[in-house]
Each structure stands twice: as structure tokens, then as C-alpha cells.
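Novice: I have a structure I would like to understand better, so I am pasting it below and will then ask my questions one at a time.
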Amino acid sequence: MIEIRPVSPADAPAIAQVRRDSWQAAYQGIIPTPTIARATAVVTTAADPPPYRRTLVAEAGDHPAVVGYASFGPERAVAAAFTPAGSPGGAGPGNSLTADGQAGLVGELYALYVTPSWWSTGTGRALMDRVLAALEGEGYSRVVLWVLDDNTRARRFYERAGFTADGGTNVIAGLGGVLEVRYARDL
């Protein structure tokens, strides 16, 4: 059974582990290995996120443990799609919001990661459903997310959740110049 709940400060080490494991599995061959190691070695700031960011965790297993997480909130400016301190906390000036995000019109899924051994178990879908319900409940009419262009597994997952690429792109220089594409859907 999968339980979705709000994050607590005590979840920070588990979130960092989920992030490391999922980046290593999902991004091999997309992002250079040393870059993955550097990006996932950074301690996240899950205990002190920006006030607009919300994070949910998925717990599962015989001895419940965090096996996934999702962070979301109002739409951020493109520069915030990846910040050096990673997700879910982020850091620095890249955490500015778009006008539509500030107005409560467009929400954003900042991150959704699941431990690879829990892929294809419904964990990601359960997190996605809760994020979409929360954003809709807060009055957002649209939601966006950014995904690496070459991450075909994630792109299929988002497309099954009703998202479509909307033409927005961004090159992430800090991750070796990888291209990310924006996906969107109405709520």
C-alpha cells in the first residue's frame, strides 16, 4: 500500500536518497555521470523551502519508507526549472515566479521522483494525482512541468497523465547543456 502525505523535515535524507537513486537510473546516457554525481551530492533544502513550495512524499513497503516525492506550487520563471541545490528546496535567485504563477493561474510540478525499484507500481501516478488535485483545489486552471527532452520514460508518463509538450524549451548549462521541454495541461 502506498501512502501519500505532506513532507516533514525528517524526510530530507530519504528524499535525497530517492533523488540520487532516480537520477542515476533515469539520466544515465542523458547527463554525464560526473554531473549526476555532483548534482545529487548536494544536500537539498527540503527543511527550508520557499514559502510557496509544497512537497508530498510517498511511503510504502513492509516497513514504511519514503519511496518517492513530488514538489509543486505556482509556476516559476524558466531559470528556476533547475537550481544548483536541486529539488525539492532549490536555492538562489532562480526561484522567482511568473506573473501567471503569482496570480494563481498556472501551477507547476517542480519535481516528481520515485525510487527505481518502485517504478511502474502506481507510486508516481498516486503522487501525480495528489499534486493535480491540490493545484486544482487551490484554483489553478493550468499546470506545467519541465522534463529532459531525452527522458522518454518520463515523457510517456506525463503524456499518460494528460500533459502535452507546448513548445517551451530550456537548455540547462549546469547539467552539461541538456535540453528540457515544457509540458502543460489544463485542470
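Novice: Being among the β-branched types (Val, Ile, Thr) and surrounded by fewer than 22 Cβ atoms within 10 Å (Cβ to Cβ) is the filter here, so list the residues in region 107-122 that pass it. First the steps, then the outcome.
Specialist: Of the residues in region 107-122, the ones among the β-branched types (Val, Ile, Thr) are 114-115, 121.
Scanning region 107-122 gives a single hit, Thr121.
Novice: Additional query: Return a yes/no flag: does region 131-145 have any residue that is out of contact with any Leu (no Cβ under 6 Å at 6 or more places or on another chain), at positive phi, modelled with pLDDT of 95 or more and not hydroxyl-bearing (Ser, Thr, Tyr).
Specialist: yes
Novice: Another question, if that's okay. Within region 161-187, track down each residue that is in contact with a strand residue (DSSP E or B) (Cβ under 7 Å, 6 or more places away or on another chain), part of a strand (DSSP E or B) and more than 24 Å from Arg38 (Cα to Cα).
Specialist: Going through region 161-187, the residues in contact with a strand residue (DSSP E or B) (Cβ under 7 Å, 6 or more places away or on another chain) turn out to be 162-166, 168-172, 175-187.
Next, from what is left, pick out any that are part of a strand (DSSP E or B): 164-166, 168-172, 178-186.
Within region 161-187, Thr164, Ala165, Asp166, Gly168, Arg182, Tyr183, Ala184, Arg185, Asp186 meet the criteria.
Novice: Here's another thing I want to ask about it. Please identify the pairs in which a residue from region 12-28 that is under 11 Å from Ala39 (Cα atoms) has its Cβ atom under 6 Å from the Cβ atom of a residue that is of a type outside the set (Val, Ile, Thr), counting only partners at least 6 apart or on another chain.
Specialist: Arg19/Tyr113
Novice: Another question, if that's okay. Do you know which residues across region 133-154 are aliphatic (A, V, I, L, M) and surrounded by 14 or more Cβ atoms within 10 Å (Cβ to Cβ)? Can you show your working first?
Specialist: Within region 133-154, the first condition is being aliphatic (A, V, I, L, M), and the residues that meet it are 133-135, 143-145, 147-148, 154.
Ala134, Leu135, Val143, Val144, Leu145, Val147, Leu148, Ala154, listed by residue number.
The values are calculated or read from the model by the stated rules, or taken from the named source; none is laboratory data. Just so you know, these numbers come straight off a predicted model, no measurement behind them. As a convention, Cβ positions derive from the backbone with ideal geometry for all residues, glycine included, and neighbour counts pool all protein chains shown.
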